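This report concerns only the one structure given below.
Please treat every number below as a calculation from the coordinates, not as lab data. From a predicted model like this one, the values you see are computed outputs, not experimental measurements. Methodologically, a virtual Cβ is constructed for each residue, glycine included, from the backbone with ideal geometry; neighbour enumeration extends over all protein chains shown.
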Amino acid sequence: MKRAALLRDALVVLGLAACCWFGAAVSAHVRLKNPVNGNYLKWNDPSDVTVVISSSGSSDIVDGSHTPAIQNAIAAWNEVGGTTAHMREVISSAQRNRTDWESNDLHMILFDEDNSSGFFPEGSATVAVTPVWFYSSGRISDADVLFNGRGFEFTTSGEAGKFDVQDVATHELGHLMGLDHSGWAGASMYPYVDQDVTLHRSLSLDEVGGLRHAYPGGPFARITGAVVREQGGSAVAGAHVVVRDSSGRPARSFLTDNSGVFTIYGLDPGDYSLYVDPLDQPVSANNLGGGWTVETDFGSVLNGSVTVSAGETHDVGVLFVPPSTDMALGRNSDDYPLACEIGFTTSVMVRGASLFPGSLLSASDPTLVVGEPTWNGWNVTFQVTVPVGTDPGHVDLEVWNTSGELSILPAAIELVPTAPTVSGVFPAVATTIGGTDIAITGSGFRSGARVVLGDAVYADGESCEVLDEGTIRLTTTPGAEGARDVVVIDPTGVEGRKASGFSYADLPTVQSVFPDAGSSGGGTRVVVTGFHFDPGATVFIDQIQQGDVEWIDATMIEFTTLASRGAGVRALELVQPDGTRAASSFQFTLIGDPMLASCSPEQGSRFGGDLLTIRGERFHPEMQVWFGVDRNTGDGGVQASGVTWISSTTLQVLSPAHAQGYVDVLVVNPENGQADMLISGFRYSSPSTAGGGCMSVSPPVDAGSGPWVSFLLGLGLIALASKATMSGRFRPRNMA
Ligand SMILES: [Zn+2]
């Protein structure tokens, strides 16, 4: 039942450079088909196609940057609108470490360095392959992307002679989603690639149409019709029918079936025109999978405009095509797309046949200025000038000869913005812990840009923000020590790079200052937690060195504040013996610190609800009481809801529910953060085991003398003992 669709493209060797590749089979946006019965290949649940990037990576790429390159390729497909298709990367290391890529439950992207897959024998010209397994219905059961790591080298940094990982991955993921090669020279699904090609990173509208056809996400308009020969009136099978939008840009395409009938899917309402072109060079039937009949014995023809409304299926009737011509534009020995930078003039050569003087050459978008061509029979050279402000995207080339014959090279040109540049990164060194806000400065930053730092990628609007064309902000994720290239990749695929522009280092990092406020008179004992604290580190607040600094370990330092120069938020700096610093802040207040002396009773039910009396000094009327907080940061814990301020020395609270055991009790002034803590100041117990059941009910508020008092004193001793054994050290209470 299950069979492999051998989707390797035909082996193709081009000119001098061994460029080449793939083998997949099918049609324009062309869908992959079951060659036996013509059923299109598709996923049953396109909204959640899982993919796993193998952790083994590529032997050519040492910094793990193959991962963001592939993630960028996944994102290009996921950003297509009007489709239900969505790939989801599974990032668990258990999945990424798997090697059984043939398993149906694993859709893996991997580099085959030793031909263990069998797809890449010695001398193979296949750069990568996406075997797709499917049932006779066309339902895909498995698909995996394999890079030919044995025969070729790959790069994420534009190294000469190596294939761009993101470019190749974008193409292969199209096969994984069920698309065949495209008849558009500039499409991502164009069958050929070369080492200096990167523009397949950005999808053409033909790929958009393919996803919308396979997995429609809305009621789009369609254009249908039939292609028939002028001479003889017979239908043309496999004619390449392309739709252009009102600005002359190619928008969608499809092939006619064996009856000459075509349907163009996934159109937004608007004005279009059509043309028909034989699928000969540079893309031909050899590049397609099974299930298609492709006839090319006819010439190209432009047809009139058509207006389609939302959701409409518009029948344009019969399109007549003229006899074939010797003239042809485009050869697979050219590299496509032809990149033309917006705002500049680019010199271009296109190979072909019968390209003779007197012919006319034009771009389908009339805003492009095509200079006077030089016709050389087997090629034509010319210049293309793209005015400033022209939108990125693909444009067709057309040539008319002196006999009035036409040849079209679909989507041959890709208009791209000037590549971004990265000039600065501030700060250029940040902690390995992550969480550092950095600003990247440069030029050409556009909405939708993606920033790559080694093995991490940041997407505009998700994990970074393009503030303007010269600034991107992001917050670092954790990373291993060392330098990273800073790469900004435009949605069109052009990129800017600052080599080793950013480094991770084991810098001291302050994560928490607790409490982060204290009396301006000083005397507040403060815990600083973070990373990479060295013995001998000192603490300054407002440039005044603080007292009684105690280095606990690389993650914790304590000190006691000295009297400040005034109230307000002040800079706190931790300064290492080697001069490196970590910054935070501390607030001095004009009122004294709270002091927490006791909590009684010192034990209660784990279900909460016990009425407790908290005694101390300088309690603010808004005081909050927390149970079970982290004693070094004051974070976490459970807040007591029923807090009644009796006086500046007494609070009454209802204990919140909490798991069994001793907990620290925190009082904190929410208005400024002044706080004090009673270490192991309360014990939560199970009603069934502690105190014979009576501990689950509230004791008298003021027990006075009697059995309650002696019982509670006993518990207090237990609690004191536990402070020493549980913490190993006892944090001095505020001295103010
Ligand atoms: Zn392919």
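Suppose we keep just the DSSP beta bridges with both residues in the chain; what percent of those would be antiparallel, to 5?
Working: 145 of 179 bridges.
In the chain, approximately 80 percent of DSSP beta bridges are antiparallel ones.
Between Thr381 and Thr441, what is the spin-label point distance in nm, taking each point 7 Å from the Cα along the Cα→C-beta axis?
In this crude label model, Thr381 to Thr441 measures out at 4.2 nm.
Rg to Rh ratio, the chain, alpha-carbon atoms and Kirkwood radius?
1.15
Of all DSSP beta bridges in region 126-265, what percent run antiparallel (nearest 5)?
Bridges in region 126-265 are about 90 percent antiparallel.
Classify region 510-656 from the C-alpha gyration tensor, please: rounded if a/c falls under 1.5, else prolate or oblate depending on whether a/b exceeds b/c.
In terms of gyration-tensor shape, prolate.
Within 10 Å, count the other beta carbons around each residue, average over each peptide in 173-181, 113-121, and list them highest first.
In descending order of packing, they fall as 173-181, 113-121.
For Tyr40, what residues show an amide H to amide H distance below 5 Å, using hydrogens built from the backbone and excluding near sequence neighbours?
Amide H to amide H, under 5 Å and 5 or more residues apart or across chains, Tyr40 pairs with Asn34.
What does the highest-first list of 512-522, 607-617, 562-572 look like by mean Cβ count within 10 Å?
512-522, 607-617, 562-572
About its Cα centre, what dipole magnitude does region 453-540 give when the only charges are +1 on Lys and Arg Cβ and -1 on Asp and Glu Cβ, stated in debye to the nearest 20?
For region 453-540, the charge dipole is close to 420 debye.
Kindly express, to the nearest 10 degrees and within the range 0 to 90, the angle between helix 165-176's C-alpha long axis and the longest C-alpha principal axis of the chain.
Once rounded, the angle reads 70 degrees.
Out of Val429, Phe682, Gly566, whose Cα points farthest toward the positive end of the dipole of the chain (charges: +1 Lys, Arg; -1 Asp, Glu; placed on Cβ)?
Farthest towards the positive pole: Phe682.
Can you bin region 342-469 into rounded, prolate or oblate? Criterion: square roots of the alpha carbon gyration tensor eigenvalues sorted a ≥ b ≥ c, rounded for a/c under 1.5, prolate for a/b above b/c, oblate for the rest. Please report the intermediate quantities before stating the final value.
Details: a/c = 3.57, a/b = 3.38, b/c = 1.06.
In terms of gyration-tensor shape, prolate.
Taking the Cα centre of each part, how many Å lie between region 145-163 and region 65-91?
For region 145-163 versus region 65-91, the Cα centre distance is 20 Å.
Among bridges DSSP assigns within region 330-444, what percent are antiparallel (round to 5)? Numbers along the way, then the final one.
Details: 28 of 32 bridges.
The antiparallel proportion sits near 90 percent.
In debye to the nearest 20, how big a dipole does region 396-491 give about its Cα centre with +1 on each Lys and Arg Cβ and -1 on each Asp and Glu Cβ?
It comes to approximately 320 debye.
Using only the Cα atoms of region 236-344, build the gyration tensor, take square roots of its eigenvalues as a ≥ b ≥ c, and label the shape rounded, prolate or oblate: rounded if a/c is under 1.5, else prolate if a/b is larger than b/c, else oblate.
Taking the square roots of the gyration eigenvalues as a ≥ b ≥ c, region 236-344 is oblate.
What ranking do 284-293, 448-457 get when scored by the average of other Cβ atoms within 10 Å per residue, highest first?
448-457, 284-293
Rounded to the nearest Å, what's the spacing between the alpha carbon centres of region 378-438 and region 466-514? Just the number, please.
So the two Cα centres are separated by 25 Å.
Pairs of Cα atoms under 8 Å, at least six residues apart: use those to get the relative contact order of the chain, whole percent.
Once divided by the residue count of the chain, the mean separation gives 8 percent.
Out of Gly289, Phe320, Asn332, whose Cα points farthest toward the positive end of the dipole of region 276-363 (charges: +1 Lys, Arg; -1 Asp, Glu; placed on Cβ)?
Checking the options against the dipole of region 276-363, the answer is Asn332.
Kindly count the pairs of lysines across the chain whose alpha carbons are less than 23 Å apart, treating pairs on different chains or eight or more residues apart as eligible. Please report the intermediate quantities before stating the final value.
Numbers: Lys2/Lys33; Lys2/Lys42; Lys33/Lys42; Lys162/Lys498.
Taking the Cα cut-off of 23 Å, the pair count is 4.
Have a look at region 429-582 and give its Rg and Dmax from the Cα atoms, expressed in angstrom.
So, for region 429-582, Rg and Dmax equal 19.1, 60 Å respectively.
Taking the Cα centre of the chain as origin and charging only Cβ (+1 Lys, Arg; -1 Asp, Glu), how large is the dipole, in debye to the nearest 20?
With Lys and Arg at +1 and Asp and Glu at -1, about 1900 debye.
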